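The values are calculated or read from the model by the stated rules, or taken from the named source; none is laboratory data. Please read all numbers here as calculations on a predicted model, not as lab measurements. Cβ atoms come from the backbone with ideal geometry, glycine included; neighbour counts cover every protein chain shown. For accessibility, only protein heavy atoms count, side chains too; no ligands or nucleic acids. Shrake-Rupley method; radii C 1.70, N 1.55, O 1.52, S 1.80 Å.
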Amino acid sequence: MLTNELRKKYLEFFRKKNHKIFPSDSLIPDDPSVLFTSAGMNQFKAYFLGEKKDVKRATSAQKCLRTGDIEEVGRTAYHHTFFEMLGNFSFGDYFKKEAIEFAWEFITKELNLKKEILWVSVYNDDEEAYGIWKNQIQIDEKKIVRLGEDKNFWPASAPSKGPDGPCGPCSEIFFDNGKHVGCQKPNCSPACDCGRFVEFWNLVFTQFNRAGENKLEPLPQKNIDTGMGLERMASILQGKSSNFEIDILQPAVNSVVERLKVDLNPKTKSLINAIVDHSRAATFSIADGVYPSNEDRGYVVRKIIRKALYHAHTLGYKEIFLYTIVDLYAELMQEPYPEVTAKKDVISKVIRAEEEKFISTLNDAKTQFFSISENLKKQKKDTIPAADLFRLYDTYGLPLELSRDMAKEISLKVDENGFGKFMLEQRERSRKQSMFDENIFKTEAVRFEEKSEFLGYSVNALDADILQLVRVKENSGYELGSEKLEAGEEGVIVLNKTCFYAESGGQLTDKGLIATKSGEFLVEKVFKVQDAILHKGKVIKGVILKGKAHLVIDEKRRQSLKRAHTATHLLQAALRGILGAHVAQQGSLVDEDRFRFDFTHFKALSGEEIERLEDCVNEYILNADKVIKEELSYDEAKATGALAFFKDKYKDKVRVVSIGDYSKEFCGGTHLDVTSEIGVFFIVSESSISSGIRRIEAVVGEKAYTRIKSTQKALIEAAAMLKCQTQEVPAAIKQLQDEVRALNEEVKQSNKEKISSKIDDIVKAKKEISGFVFLTHSFKNIEPSDLVFISDGIKKRLGSVFVFLVSESSGKNIFICSTTDDYAKKKAEANKFVSFFKEELSLKGGGKPTLVQGVVAGFSEDLLLKVENCFVKFLQK
């Protein structure tokens with residue numbers, strides 16, 4: 001049975017059992033507590049918690065991504081990072097009896113598996129499930145295995161180890177590969193991990209709430225959550241010994257084998273299977289909008305791409321190629337996931353860009369790694385320090401996982417805990433610190449019982465009641481429930497309603513004034529904690545007490561924020577129209593008449609593309625299109641095709657902002673009523689912030705007008721200096737550049753002639769060391785390009801030579817380390833020499849085997865003598 005047929009058969013079976021078929025959710029879940037969708041139940045969390053009640057029975061084929069077992073991928077027949085989970089779910093409807101009966105009916109009647117080759121397991125104490133299998137399904141009790149909480153409870157070991165919350169026993173169904181497989185012991189059962197028994201369906205009976213160690217209380221609503229691995233079941237039905245041999249994976253394995261031209265043996269097979277799995281996982285992740293980066297989901301995608309490429313490197317293949325498999329995955333998965341086909345060109349380009357980036361640094365990273373490892377072995381140490389691991393990651397892009405793999409190959413360990421601390425410190429450095437912000441409440445788990453209503457979409461001023469005052473202490477602490485805030489004091493005010501917009505969705509906060517009979521409070525920042533809206537600021541007059549207050553926002557600031565925010569929507573529409581539908585927002589910052597917008601795209605924008613974007617957005621502005629804001633249910637909003645920002649978590653009711661027929665987005669920010677109020681739009685810069693993520697910074701309104709006036713003034717002044725009309729400035733500048741370039745060439749040629757005349761004297765200082773011609777020399781005021789010219793002249797004059805030259809240039813001491821091709825082939829490579837002795841000689845630089853350029857951090861008179869001594873040691877290595 002083909003995999004597509006199995007998927008359809010499963011969903012249709014449960015549809016007939018009154019289950020609603022749900023399409024696969026994105027790999028990016030709405031739940032911020034997890035990075036990726038890792039199980040079929042993720043999209044039904046609200047139903048399991050009783051927050052939604054419109055569906056009682058559901059079924060789905062869900063795309064999943066897990067990296068917890070990434071080291072096992074390829075080594076075993078059944079582990080994956082990306083896989084599909086077939087599931088059926090009951091939300092307070094049927095329970096164990098029906099769940100077990102449905103499963104047994106499907107596998108024995110629909111899939112025609114013989115019950116003689118099927119075993120099941122139940123939780124030790126679950127007599128109910130045991131009785132159903134034995135008495136109603138009538139499985140031989142010898143084939144019903146009781147297992148402990150570590151195997152047959154969800155979450156694993158929950159009764160004794162936690163966490164608190166919903167949990168329950170589970171029952172698993174196994175396929176018996178036969179007595180000839182695995183340990184071959186007569187008492188072998190699903191309790192044994194030898195590989196004879198393959199678990200393919202897990203039935204979870206969520207019936208308890210854990211309220212402490214081994215304290216399980218019955219849940220008022222009992223749920224069913226089942227998961228069958230699509231690939232595992234397909235391998236059973238197709239008679240394959242591995243998931244990688246089924247119809248949707250074997251073609252990819254064949255493609256990789258053909259590309260890498262390797263002979264299959266257990267080791268190469270495991271690496272090829274891992275390459276297939278990781279490249280498929282990357283393909284589907286990028287299709288769902290996760291691009292390689294150094295943060296969160298993006299880091300996972302970067303890690304699996306680089307791990308796959310490193311496996312190919314290990315097998316002797318040094319070129320990029322993963323991007324070429326994307327078309328095959330699109331073809332193999334076309335029926336259930338046509339979106340991969342629609343996005344395959346973009347996916348290929350993103351993967352290719354990441355491959356190129358990694359390959360360009362991998363050789364240097366490996367050189368650094370082995371230099372570190374050699375030093376450790378000399379010191380008789382067996383663990384690579386965290387500082388070195390972090391430098392390999394931060395400077396050379398080598399993920400910890402690859403460092404760990406490389407270390408394992410040469411019997412070294414890595415300091416993973418220390419590396420984690422370095423990563424944490426880096427995140428802390430990059431995070432903008434504040435002595436008092438909303439995070440102090442969130443991290444300290446402070447609860448605000450107050451609820452604040454936001455009315456700022458329709459009014460800029462209103463009367464409200466102050467519910468709570470928070471005083472900021474001198475030591476950066478805070479005092480909840482303060483009676484008053486006095487003049488000069490910083491604090492926070494919580495009200496029952498407000499017109500101040502709390503910073504959210506990239507839009508910065510409103511500012512303004514809160515006035516009472518006894519004082520005035522200047523609002524500098526607004527943020528939300530739970531259901532309370534907090535106004536942070538300073539008392540500028542009198543004293544603030546609980547009671548009545550009048551709120552007024554800074555209308556000029558609000559209007560400029562509106563201009564910028566509405567412009568981000570126009571820009572995203574223009575980007576998707578000009579660059580393609582793969583463009584998706586990755587972040588934004590909306591400030592007064594300026595903003596930055598991060599989006600998915602695989603290469604830098606050309607000057608022509610930037611000009612087209614500006615023209616398109618300004619055309620939208622001139623059209624004076626209406627900006628329509630409406631509140632819809634989440635499902636209704638999704639059905640309209642409105643774009644959602646994947647990092648945001650949405651409630652059942654969402655706000656949708658629509659402009660013309662070209663823009664429709666989920667958005668809770670403040671917006672204009674018509675696009676013409678933006679005035680004018682101008683792109684300031686376009687840049688890369690990580691692989692596959694671009695950033696545009698732009699200005700609108702007053703800031704755009706000011707920038708245009710400033711540019712016009714500069715153009716007029718330039719025309720005056722060049723004695724030409726403004727429209728003739730580019731041609732006049734080009735003429736000047738040509739003249740300067742010609743003069744520079746004359747100077748360079750004159751310098752080269754002078755330098756060439758000195759080479760005969762320089763080569764007289766050559767030495768022979770262990771059969772190698774060696775030459776060092778120092779200069780003053782020689783530019784890097786001239787130093788390379790001298791090095792080339794020496795090599796041409798002597799034929800075979802290892803050269804080290806140093807010179808002072810522009811306040812720095814620069815060096816050239818160069819060797820002829822024949823010496824490089826004899827392992828006297830310039831880049832290895834610099835790598836081995838960079839600390840001893842205080843060198844910083846990089847290059848290739850025949851040429852390295854860089855700077856000397858600590859120049860000394862005896863540097864050349866040190867270089868000569870190091871060369872002697874280098875040859876001995």
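Filtering region 782-805 to residues that are over 15 Å from GLU753 (Cα atoms), in contact (Cβ under 8 Å) with a residue 12 or more places away in the chain and charged (D, E, K, R) leaves LYS795, ARG797.
Residue pairs whose Cβ atoms lie under 9 Å apart, separated by 6 or more positions or on different chains, with the first residue in region 248-263 and under 18 Å from ALA330 (Cβ atoms) and buried (at least 18 other Cβ atoms within 10 Å of the Cβ) and the second small (Gly, Ala, Ser) and modelled with pLDDT under 95, are LEU249/SER242; VAL256/ALA312.
Looking across region 277-290, the residues that are touching a helix residue (DSSP H, G or I) at 6+ places or on another chain (Cβ under 6 Å) and not charged (D, E, K, R) come down to HIS278, SER279, ALA281, ALA282, THR283, SER285, ILE286, ALA287, VAL290. Looking only at region 4-52, residues that are of a type outside the set (D, E, K, R), touching a helix residue (DSSP H, G or I) at 6+ places or on another chain (Cβ under 9 Å) and either on the phi > 0 side of the Ramachandran plot or surrounded by fewer than 16 Cβ atoms within 10 Å (Cβ to Cβ) (or both) come to 2 in all.
Screening the candidates ALA637, ALA604 for the property of being of a type in the set (Gly, Ala, Ser), more than 25 Å from ILE708 (Cβ to Cβ) and not in a strand (DSSP E or B) yields one hit, ALA637. When residues in region 508-527 are screened for being farther than 15 Å from LEU469 by Cα, open to solvent by less than 50 Å² (accessible area, probe 1.4 Å) and among the aliphatic types (A, V, I, L, M), 1 of them pass.
Residue by residue, here is whether (1) more than 19 Å from GLU839 (Cα to Cα); (2) of a type in the set (A, V, I, L, M); (3) without any contact (Cβ under 8 Å) to a residue 60 or more places away in the chain holds:
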{"site": "GLN368", "(1), (2), (3)": "no, no, no"}
{"site": "GLU374", "(1), (2), (3)": "no, no, yes"}
{"site": "TYR393", "(1), (2), (3)": "yes, no, yes"}
{"site": "LEU400", "(1), (2), (3)": "yes, yes, yes"}
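Scanning region 335-394 for residues that are in contact with a His (Cβ under 7 Å, 6 or more places away or on another chain) and assigned to a loop (DSSP other than H, G, I, E, B) turns up just one, LYS343. For region 750-781, the tally of residues that are more than 15 Å from PHE804 (Cα to Cα), loosely packed, with under 10 Cβ neighbours inside 10 Å and under 50 Å from the mean Cα position of the chain (by Cα) stands at 1. Checked against (1) open to solvent by 30 Å² or more (accessible area, probe 1.4 Å); (2) more than 30 Å from LYS56 (Cβ to Cβ); (3) not in a helix (DSSP H, G or I), LYS269 passes all but condition (3). Within region 326-337, does at least one residue satisfy the condition of being within 19 Å of the chain's Cα centre (by Cα), surrounded by 18 or more Cβ atoms within 10 Å (Cβ to Cβ), among the aliphatic types (A, V, I, L, M) and modelled with pLDDT of 90 or more? Scanning region 326-337 turns up no residue that is within 19 Å of the chain's Cα centre (by Cα), surrounded by 18 or more Cβ atoms within 10 Å (Cβ to Cβ), among the aliphatic types (A, V, I, L, M) and modelled with pLDDT of 90 or more. Here GLN530 meets the list (1) within 25 Å of ARG596 (Cα to Cα); (2) touching a residue at least 60 places away in the same chain (Cβ under 8 Å); (3) surrounded by fewer than 18 Cβ atoms within 10 Å (Cβ to Cβ) almost entirely, failing just condition (1).
Comparison of LEU424, LEU400 shows that the only residue that is at pLDDT 75 or above, open to solvent by 90 Å² or more (accessible area, probe 1.4 Å), aliphatic (A, V, I, L, M) and under 35 Å from the mean Cα position of the chain (by Cα) is LEU424. Restricting LYS511, LYS528, LYS484 to residues that are touching a strand residue (DSSP E or B) at 6+ places or on another chain (Cβ under 6 Å) and modelled with pLDDT under 95 narrows the list to LYS484. Once region 550-588 is narrowed to residues that are among the basic types (Lys, Arg) and in contact (Cβ under 8 Å) with a residue 24 or more places away in the chain, the residue that is surrounded by the fewest Cβ atoms within 10 Å (Cβ to Cβ) is ARG557.
Taken residue by residue, region 624-633 has at least one member that is modelled with pLDDT under 90, over 18 Å from ALA573 (Cα atoms) and open to solvent by less than 50 Å² (accessible area, probe 1.4 Å). Considering (1) polar (S, T, N, Q); (2) surrounded by fewer than 19 Cβ atoms within 10 Å (Cβ to Cβ); (3) closer than 18 Å to PHE602 by Cα; (4) within 20 Å of the chain's Cα centre (by Cα), the lone condition that SER348 does not fulfil carries the number (2). Identify all residues within region 549-589 that are under 29 Å from the mean Cα position of the chain (by Cα), polar (S, T, N, Q) and not in a strand (DSSP E or B); write none if there are none. Selection gives THR566, THR568, GLN572. Restricted to region 677-714, and to residues there that are open to solvent by 20 Å² or more (accessible area, probe 1.4 Å) and of a type in the set (A, V, I, L, M, F, W, C), the residue that is nearest to the chain's Cα centre (by Cα) is ILE689.
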